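> Take a look at the following structure, please.
Bear in mind that the values in this text are calculations on the coordinates, not laboratory data. Keep in mind that this is a model prediction, so the values were computed, not measured. All Cβ positions, even for glycine, are placed from backbone atoms using ideal geometry, and neighbour counts span all protein chains on display.
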Amino acid sequence: MSNNYNLQEIINLFEKSNNIVVFTGAGISTNCGIPDFRGANGLYSFVAKKYNLPFPEAVFEINYFKENPKPFFDLSKEMVSAEIKPSLAHKFIAFLEEKCKISLVMTQNIDMLHQKAGNKKVVECHGTYSTATCLNCRQKYSLLNIEESLKKGEVPYCKCGGIIKPDIVFFGEQLPDNFFSAYRNPPKTDLLLVMGSSLTVQPAANFALSLAEKHKSILINFEKTYYDNMFTYVINEDIDIFCKKIWDNIKI
Ligand SMILES: [Zn+2]
């Protein structure tokens, strides 16, 4: 754990930055009751065992999904559940946006917690539950159209008989256009804030790493990452505890 940072120095950095780009991963949501995806007791393993999947990631394999969409919708039930509430860190980012300090929130998460916390400038680079598409006729649906099925863990079907798939990016699928436009034309940045990501999932992580090369940056992650040396500050502690220290002392 490398926590030899000067808190006041970081608070000053937040105070003077007016174009903060935030990049978040699963670690920001672990205090919200979402079981970690990949751990031995994670959501993947749980669903994989229940459905006897060949391997846990099969939940997000498009070919597997077409044959058996049930595991994915079982997992989705947890994701769209109203029980899941934003963490202090989500609310802190929403507070910064309210104070006009955020240029973009790029998230790898599909739990919609940034929006629930009040952020508007969000790009969900691994897709979203807010829209869905029929795999057969490509008819578009909104979350409202399929919310009832999702909450029950049932498979929603289109009038044409096709499965309606939420626009979540599955393995081997292209990331959404709004990811690539932000990647090609990054917003004005004076501070990069990475929270709860080990920066291993590409191409999403490259968005953050390319900004880290050029700007002041803070990486808050419970564990060390391979890319720690690219960041101005590396903070290995609980994200909520760290954000509370900033929020309690920041003058904006
Ligand atoms: Zn259809």
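> Remind me, relative contact order of the chain in percent, using alpha carbon pairs under 8 angstrom and six or more residues apart?
It rounds to 26 percent for the chain.
> In addition: About the Cα centre of the chain, what is the dipole size in debye to 20, counting +1 per Lys and Arg Cβ and -1 per Asp and Glu Cβ, all else neutral?
In total the dipole reaches around 500 debye.
> Quick one: Karplus J couplings for segment 100-107, per residue in order, coefficients 6.51, -1.76, 1.60, θ = phi - 60°, nearest Hz, x for Gly and Pro?
So the J values, rounded to whole Hz, are 6, 10, 10, 8, 6, 10, 9, 10.
> Work out from phi, with θ = phi - 60° and the Karplus expression 6.51 cos²θ - 1.76 cosθ + 1.60, the ³J(HN,Hα) of each residue of segment 235-252, listed in order in whole Hz, and give x for Gly and Pro.
Once θ is set to phi - 60°, the couplings for segment 235-252 become 10, 9, 8, 4, 4, 5, 5, 5, 4, 4, 4, 5, 4, 5, 10, 6, 10, 9 Hz.
> If you don't mind, there's one more thing I want to ask. Among the trypsin sites (Lys or Arg not before Pro) within segment 112-209, which fall in a DSSP loop and have no more than 15 other Cβ atoms within 10 Å of their own Cβ?
Passing sites in segment 112-209 are K120, K121, R138, K159, K188.
> Right, something else. Within the chain, what's the longest stretch lacking GluC sites (Glu not before Pro) that sit in DSSP loops with no more than 10 other Cβ atoms inside 10 Å?
Result for the longest clean stretch: 84-212.
> Past 19 Å, Cα to Cα: identify those pairs from K116/K214; K50/K140; K16/K224; K120/K224; K101/K216; K101/K188, in the order given.
Long pairs (Cα-Cα over 19 Å): K116/K214; K50/K140; K16/K224; K120/K224.
> Also, I was wondering about something else. Would you calculate, for the chain, the mean residue ellipticity at 222 nm contributed by helices, counting each DSSP H stretch of 4 or more residues as -39,500 (n - 2.57) and dividing by all residues, to the nearest 500?
-10000 deg cm²/dmol, from helical runs alone.
> Further, regarding this structure: Explain nothing, just compute: Karplus ³J(HN,Hα) = 6.51 cos²θ - 1.76 cosθ + 1.60, θ = phi - 60°, for every residue of segment 142-153 in order, whole Hz, x for Gly and Pro.
Ordered by residue, 3J(HN,Hα) equals 9, 4, 4, 5, 10, 4, 4, 4, 4, 5, 8, x Hz.
> For a quick check: with amide H placed at 1.01 Å from N, whose amide H comes under 5 Å from T128's, ignoring anything fewer than 5 positions away on the same chain?
D167, I168, V169
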